[in-house]
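Student: Sharing a structure, written as structure tokens. Questions coming.
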Amino acid sequence: MLPYGRQSIDEEDIEAVVAVLRGDWLTTGPAVTAFEEAIAEACGASRAVSCTSGTAALHIAYSAMQLGPGDEVVTTPMTFVATASGASLVGADIVFADIEEDTALLDPAAVDAVVTDRTRVIAAVDYAGHPADYDALQPIADRVGALTLADAAHSVGGTDRGRPVGSLADVTTLSFFPTKNLTTGEGGALVCRDPELARRAHEFHFIGLVRDEERFAIPDQGPWHQEVHELGLNYRLTDVASALGLAQLRRLQGFKRRRAEIVARYNAAFATVAGLRTPPRRDDVDPAWHLYPVRVLDGRRREVFEAMRARGIGVQVNYLPVYWHPVYAAMGYRRGMCPNAEAFYAEELSLPLFPDLTDTQVDEVIGTLTDVLG
Ligand SMILES: Cc1ncc(COP(=O)(O)O)c(C=O)c1O
């Protein structure tokens, strides 16, 4: 089965990992620091906090923002559940705003209609690798005293009017799962504008340990001393994973170029195929395409999904609207609340997209899909 996503690992990636295994630090060492510095640079940020997954990055972000019961997070239903569940875990209420009909990105007009004085965060998702419209979302957030969060699990390496993903929102979270634009196996990171928020994020992902003498509440203990002011978890990324991430980051722009070539090949081939709608792109953005989400019209998505899988093409569907998950349905969210997201879900099909996909394989996907559509 041709997968819909897959990592690309070369000899330099392997050597980078082996070098760490031969060294002194398996975790909390220099590879973690080097990877965090490189991520911050790639994102146009002053500091990055690495962590064990994109899900962890979201949990860290919402914790560092000190969200709790009574606070609201406005977000999109067209995402992986973690964008919302990280906020639910810290006790915040989720308010779903619909997506734009064409891009499947959080619609600023829909956000504008639901923000209140309880809104603390507007969390958008760069679905498929296409940055959301933060220039429209930020003024709405500023007006109600909220922060913007970019769930950039799909989009690291992309830009909007030349500004890198990571610099577009107050807080940005990344994922380094193997299908993503770069990988550490499991892994993630967070970058943000406010250094104080970055410090809280770092502490939360490090069990809440305070190691800065000037902030000690218990003075004069001795050089071994560290203390906890707020509860945290151990979400640290290892040096082994960080070494892989650092090597992968050097290849990110090459990965992005190859992904864009494949997207262009799909777009050109499907432009004239009836029954399909290809993904749009705003002129001012340069996406780092993670998914190729084609829309299968005429109620045929399921049939086409099954036919493609039967022919060895590992298509995927991204995503079930978040509020359809039983955990959110049990909280009282009802189907029908975001019609654009539900219409998109009914038609969406992710075709194989990863850097090592050959033109021959892309043409095989194109031929099979065209054939299946008949
Ligand atoms: C939009 C989005 N957010 C968050 C995540 C969570 O990332 P991870 O799988 O690294 O926990 C993912 C990954 O599946 C994702 O696609």
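Student: If you scan segment 1-30, which residues turn out to be surrounded by 14 or more Cβ atoms within 10 Å (Cβ to Cβ), under 30 Å from Ile366 (Cα atoms) and of a type outside the set (Val, Ile, Thr)?
Tutor: Residues satisfying the conditions are Leu2, Pro3, Tyr4, Gly5, Arg6, Gln7, Ser8.
Student: Looking at this structure, is Ser167 assigned to a loop (DSSP other than H, G, I, E, B), out of contact with any Leu (no Cβ under 6 Å at 6 or more places or on another chain) and open to solvent by less than 10 Å² (accessible area, probe 1.4 Å)?
Tutor: no
Student: Across segment 44-68, what is the number of residues that are in contact with a strand residue (DSSP E or B) (Cβ under 6 Å, 6 or more places away or on another chain) and either surrounded by fewer than 24 Cβ atoms within 10 Å (Cβ to Cβ) or at pLDDT below 95 (or both)?
Tutor: Result for segment 44-68: 4.
Student: Got at least one residue in segment 231-238 being over 20 Å from Ser50 (Cβ atoms) and either surrounded by 15 or more Cβ atoms within 10 Å (Cβ to Cβ) or over 21 Å from the mean Cα position of the chain (by Cα) (or both)?
Tutor: Yes.
Student: Restricting to segment 115-140, what's the tally of residues that are away from the ligand (no atom under 16 Å from the Cβ) and either within 16 Å of Ala341 (Cα to Cα) or small (Gly, Ala, Ser) (or both)?
Tutor: Summing the residues that are away from the ligand (no atom under 16 Å from the Cβ) and either within 16 Å of Ala341 (Cα to Cα) or small (Gly, Ala, Ser) (or both) in segment 115-140 gives 1.
So that you can scan it fast, the table gives a plain yes or no per residue for (1) open to solvent by less than 30 Å² (accessible area, probe 1.4 Å); (2) in contact with a strand residue (DSSP E or B) (Cβ under 7 Å, 6 or more places away or on another chain); (3) within 13 Å of the ligand (Cβ to nearest atom); (4) among the β-branched types (Val, Ile, Thr):
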{"position": "Pro178", "(1), (2), (3), (4)": "no, no, yes, no"}
{"position": "Ala198", "(1), (2), (3), (4)": "yes, yes, no, no"}
{"position": "His202", "(1), (2), (3), (4)": "no, yes, no, no"}
{"position": "Val210", "(1), (2), (3), (4)": "yes, yes, no, yes"}
{"position": "Glu213", "(1), (2), (3), (4)": "no, no, no, no"}
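Student: Only one of Val32, Val18 is free of Cβ contacts under 8 Å to residues at least 24 places away in the same chain and among the β-branched types (Val, Ile, Thr). Can you tell me which?
Tutor: After ruling out the rest, the residue left standing is Val18.
Student: Here is a check on your reading of the model: is Gly336 at positive phi, under 26 Å from the mean Cα position of the chain (by Cα) and surrounded by fewer than 18 Cβ atoms within 10 Å (Cβ to Cβ)?
Tutor: Here the answer is yes, as Gly336 does meet what is asked.
Student: Would you confirm whether or not segment 76-96 contains a residue that is farther than 23 Å from Gly166 by Cα, of a type outside the set (Asp, Glu) and part of a helix (DSSP H, G or I)?
Tutor: Yes; the residues of segment 76-96 include at least one that is farther than 23 Å from Gly166 by Cα, of a type outside the set (Asp, Glu) and part of a helix (DSSP H, G or I).
Student: Do we have Glu186 as within 16 Å of the ligand (Cβ to nearest atom), touching a residue at least 12 places away in the same chain (Cβ under 8 Å) and open to solvent by 60 Å² or more (accessible area, probe 1.4 Å) here?
Tutor: yes
Student: While we're here: So in segment 102-151, with the set limited to residues that are outside any helix (DSSP H, G or I) and among the β-branched types (Val, Ile, Thr), which one is surrounded by the fewest Cβ atoms within 10 Å (Cβ to Cβ)?
Tutor: Among those that are outside any helix (DSSP H, G or I) and among the β-branched types (Val, Ile, Thr), it is Thr116.
Student: Just the residues that are open to solvent by less than 10 Å² (accessible area, probe 1.4 Å) and among the small types (Gly, Ala, Ser), please, taken from segment 69-82.
Tutor: The answer is Ala82, and nothing else.
Student: Looking at segment 16-23, can you tell me whether even one residue there is farther than 26 Å from Gln316 by Cβ, more than 14 Å from the ligand (Cβ to nearest atom) and part of a loop (DSSP other than H, G, I, E, B)?
Tutor: Yes: segment 16-23 contains one or more residues that are farther than 26 Å from Gln316 by Cβ, more than 14 Å from the ligand (Cβ to nearest atom) and part of a loop (DSSP other than H, G, I, E, B).
The values are calculated or read from the model by the stated rules, or taken from the named source; none is laboratory data. This one's a predicted model, so the numbers in the text were calculated from it and none came from an experiment. Every residue, glycine as well, gets a Cβ built from its backbone with ideal geometry; the counts of neighbours run over all protein chains shown. Ligands, DNA and RNA are stripped out before the accessible areas are found, and what is left, the full protein with its side chains, is counted by its heavy atoms. Shrake-Rupley method; radii C 1.70, N 1.55, O 1.52, S 1.80 Å.
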